[in-house]
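See below for the structure under consideration.
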Amino acid sequence: MAPSPLLVRPPALASPPLSPRRCAPAAASVRTAPTPTAAAPFSRLRTKCRFAASDVREDFSSNPIDIVADVKTEKIVVLGGSGFVGSAICKAAVSKGIEVVSLSRSGRPSYSDSWVDQVNWLAGDVFYARWDEVLVGATAVVSTLGGFGNEEQMKRINGEANVIAVNAAKEYGVPKFILISVHDYNLPSFLLSSGYFTGKREAESEVLSKYPASGVVLRPGFIYGKRKVNGFEIPLDTVGQPLEKLLSSVENFTKPLSSLPASDLVLAPPVSVDDVAYAVINGVIDDSFFGVFTIEQIKEAAANVRV
């Protein structure tokens, strides 16, 4: 019996190499790999593609070629995600298709907005967290930890808690760490010696030391927005938003005063909690975004993501 004719004839050796072609994923043939671990925060997406040259007859009845490609997906762990700033970050991340895990003492918040169901809420204390479980597959950790109290309490929550989190993230291979810190308001050094500021600066130093090329420190001033406390909504934006607009409109006149000690207690513009949240998202998705960011830089970073 004569052999069957070949369906595909390879091009001659002298022919120039085929130029690469991009292939879009085929919806009917996507196969998802097992959930990534901390050592491999990437998902694997299989796509089916067909290639043909001008002198090659394509056999559409043959099996397509499986190509395995690494596609980066973001997963963030928000420390204090059920708080005022933390919940805004979780909400913004969900809106951008980012997987979100929140770790806070209170766990899941009591309100029931639609985005809440898309966050994995964990109840726990940073000082006793099982980091091997919390940080699995994370591509960034975002810390909103901070608070007031006596000197020891402020040093512990603003400084020690964040330092523990930074070192845990580094140990488990998380590539980015983003810290919500605080503007210094041009305060004299003796006023910056309180536990609140020394704790924040200790945390900043740890971030910038452990993550010199990917650590992000945001220094907002007064953050406004609708804050929910025990079922009640406190509309901080009724004060913060008009004040932000006012200070922005007179900025050219007040700039000469900015060098005066403690001048920013009056002149530093408030920041929307949504601006802080979207600046965080910018830090998550943009590898060139790292370092210390001032109030105006936070607003610029947020604008880049909102577009």
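Among what's in segment 116-130 and is among the aromatic types (Phe, Trp, Tyr) and touching a residue at least 12 places away in the same chain (Cβ under 8 Å), pick the residue that is nearest to Val94 (Cα to Cα). The residue in question is Trp121.
Listed conditions (1) part of a helix (DSSP H, G or I); (2) in contact with a helix residue (DSSP H, G or I) (Cβ under 7 Å, 6 or more places away or on another chain); (3) surrounded by fewer than 22 Cβ atoms within 10 Å (Cβ to Cβ) are all met by Glu204, apart from (2).
For beta carbons closer than 6 Å, sequence separation of 6+ or different chains, a first residue in segment 73-86 that is touching a residue at least 60 places away in the same chain (Cβ under 8 Å) and a second that is of a type in the set (D, E, K, R), the qualifying pairs are Lys75/Glu99; Phe84/Arg227. Is it the case, given these coordinates, that Gly225 is more than 16 Å from Gly83 (Cβ to Cβ), in the same structural domain as Gly137 (by TED's automatic domain parsing), surrounded by 20 or more Cβ atoms within 10 Å (Cβ to Cβ) and not hydrophobic (A, V, I, L, M, F, W, C)? No: the conditions fail for Gly225.
For segment 131-148, a residue qualifies if it is within 21 Å of Val182 (Cβ to Cβ) and either loosely packed, with under 13 Cβ neighbours inside 10 Å or without any contact (Cβ under 8 Å) to a residue 12 or more places away in the chain (or both), and the qualifying residues are Gly147, Phe148.
Could you tell me which residue of segment 88-107 is nearest to Val273 (Cα to Cα), considering only residues that are part of a helix (DSSP H, G or I) and free of Cβ contacts under 8 Å to residues at least 40 places away in the same chain? The extreme case among them is Cys90. Restrict the check to segment 192-199 and report whether at least one residue is in the same structural domain as Cys90 (by TED's automatic domain parsing) and under 21 Å from the mean Cα position of the chain (by Cα). Taking every residue of segment 192-199 in turn, none turns out to be in the same structural domain as Cys90 (by TED's automatic domain parsing) and under 21 Å from the mean Cα position of the chain (by Cα). Filtering Gly149, Gly159, Gly199 for residues that are small (Gly, Ala, Ser) and either in a loop (DSSP other than H, G, I, E, B) or more than 26 Å from Ala268 (Cα to Cα) (or both) leaves a single hit, Gly149. Kindly provide the set of residues from segment 207-232 that are assigned to a strand (DSSP E or B) and under 17 Å from the mean Cα position of the chain (by Cα), ordered by number. Within segment 207-232, Gly215, Val216, Val217, Leu218 qualify.
Residue count for segment 270-307 satisfying the condition of being touching a Gly at 6+ places or on another chain (Cβ under 7 Å) and either over 18 Å from Leu179 (Cβ atoms) or not β-branched (Val, Ile, Thr) (or both): 5. Considering segment 254-278, the residues that are hydrophobic (A, V, I, L, M, F, W, C), in a helix (DSSP H, G or I) and touching a Phe, Trp or Tyr at 6+ places or on another chain (Cβ under 7 Å) include one that is modelled with the highest pLDDT, namely Val273.
The values are calculated or read from the model by the stated rules, or taken from the named source; none is laboratory data. Note that the coordinates shown come from a computational prediction; the quantities given were computed from them, not determined experimentally. Using ideal geometry, Cβ is built from the backbone for each residue, glycine included, and neighbour counts are taken over all protein chains shown.
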